[in-house]
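Encoded as structure tokens, the structure appears first; notes follow it.
The values are calculated or read from the model by the stated rules, or taken from the named source; none is laboratory data. Please read all numbers here as calculations on a predicted model, not as lab measurements. Glycine also receives a Cβ, built like all others from the backbone with ideal geometry; neighbour counts cover every protein chain displayed. Heavy atoms of the whole protein, side chains included, go into the accessibility calculation; ligands, DNA and RNA do not. Shrake-Rupley method; radii C 1.70, N 1.55, O 1.52, S 1.80 Å.
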Amino acid sequence: MSETPRASRLPLLALIAVVLAAGLAVLFWVDTRNRIDDTQEQMARKLRAIEDDARDARSLARQSQEALRDTQAKLTQLEARLAESQSQQLALEALYQDLSRNRDEWQLAEIEQVLAIASQQLQLAGNVRAALLALQLAEARLARADRPQFVPLRRALARDIDRLKSVPALDLPGMTLRIDGLVAGVDSLPLAFDERGERPGAVRREPAADAGFWARLGTEVWNEIRQLVVVRQMNAPEPPLLPPTQAYFLRENLRLRLLNARLTLLTRDEAGYREDLRAAQAWLGRYFDPKAKAVLDAQGQLKQLAGTSISFEMPTISESLEAVRGFKSRRERTPG
């Protein structure tokens with residue numbers, strides 16, 4: 001009897017166990033399901049976040065690519081501009097070199113021309129002052145250029161300048177002008193025989209306008225009588241009487257003597273120069289009025305001119321001229 005109730009409880013206990021097991025399984029399934037849903041939801045959120053990040057990354061990548069393309073385009077433009085500026089700089093440098101070379105050539109050509117003219121003036125007219133000024137001008141222009149290649153030229157110019165400064169002071173242009181002044185004043189010099197008719201004792205006395213007839217007649221007769229009697233000093237030589245034609249040729253010969261003196265001055269012929277001045281002085285003393293101021297002034301100038309020595313060796317500026325020409329020829333042979 002006791003085994004029967006116990007046997008009847010077994011199915012009930014088994015049912016209860018099954019029910020409990022099923023409930024537990026359901027609970028486990030629900031919990032697992034919830035966990036899976038949560039996991040899926042978290043995974044979905046993460047996937048969405050990853051997609052957003054990927055989208056942002058793709059956007060940033062596109063922006064970066066666009067910025068890179070813009071940067072590359074700008075870099076290409078900058079490289080093109082740099083290449084263009086470099087080509088322009090090379091062209092400007094070449095142009096500057098050409099201009100500098102042409103400027104130096106023009107400057108050297110001008111200096112050569114100035115020195116050539118100064119050399120001619122020095123050789124033909126002995127114009128030391130003009131040659132010295134030309135050398136100083138050339139040296140100043142080269143000094144302003146301040147080029148190392150011009151140093152040998154400046155040294156040659158300095159040596160010629162020192163040589164010209166050591167030349168004795170001789171104002172050839174001034175002496176030439178003084179001789180030209182004497183030549184121009186030849187026609188105004190009074191002749192000596194003209195002065196004879198104008199002696200103080202031979203001056204006619206005109207009768208007074210208010211004198212009577214007899215007084216005027218007596219004065220005129222007295223003047224005529226005085227003209228008949230002339231008192232002369234026998235030991236003093238009288239100037240020769242020259243007809244007008246000979247007086248003309250006398251002035252022309254004096255003028256030619258003075259012109260010849262100017263020529264011998266320019267050619268440094270001291271013997272001929274002194275002989276011409278001596279002859280001019282002798283003619284002035286013999287044929288012209290020695291008391292006239294113009295004659296006295298002319299004699300004084302001739303004496304001063306004759307007292308100046310013109311016989312000395314005139315230096316040349318050939319060293320400077322040859323240095324400039326040699327420098328120009330070397331530059332022309334050098335390309336670029």
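Relative to the current alpha-carbon distance between Thr267 and Ala21, full extension at 0.36 nm per residue lengthens the span by 73.2 nm. Taking the accessible area of segment 25-176, probe 1.4 Å, and keeping the other protein chains in place, the carbon and sulfur fraction comes to 56%.
What does the highest-first list of 266-273, 128-135, 317-324 look like by mean Cβ count within 10 Å? Kindly include the intermediate steps, with their values, before the conclusion.
Numbers: 266-273: 16.0, 128-135: 21.5, 317-324: 19.6.
So the peptides 266-273, 128-135, 317-324, ranked by packing, come out 128-135, 317-324, 266-273.
Among 105-117, 142-154, how do they line up by average Cβ neighbours within 10 Å per residue, starting with the highest?
Values: 105-117: 16.3, 142-154: 13.5.
The peptides rank, most packed first, as 105-117, 142-154.
Under the convention that each Lys and Arg Cβ holds +1 and each Asp and Glu Cβ holds -1, the size of the dipole of segment 275-322 around its Cα centre is about 580 debye. By the rule of a C-alpha distance below 30 Å, with chain neighbours fewer than 8 residues away ignored, the lysines paired with Lys291 are Lys303. Our coupling estimate for segment 38-53, obtained by passing each phi through the Karplus curve with A = 6.51, B = -1.76, C = 1.60 and θ = phi - 60°, is 4, 5, 5, 4, 5, 5, 5, 4, 5, 4, 4, 4, 5, 5, 4, 4 Hz, Gly and Pro reported as x. For Phe288, the amide hydrogen comes within under 5 Å of the amide hydrogens of Ala192, counting only partners 5 or more places away or on other chains and with H modelled in the peptide plane.
For Ile317, the amide hydrogen comes within under 5 Å of no other amide hydrogen, counting only partners 5 or more places away or on other chains and with H modelled in the peptide plane. Between Arg103 and Asp31, the simple label model (points 7 Å from Cα in the Cβ direction) yields a spacing of 10.0 nm.
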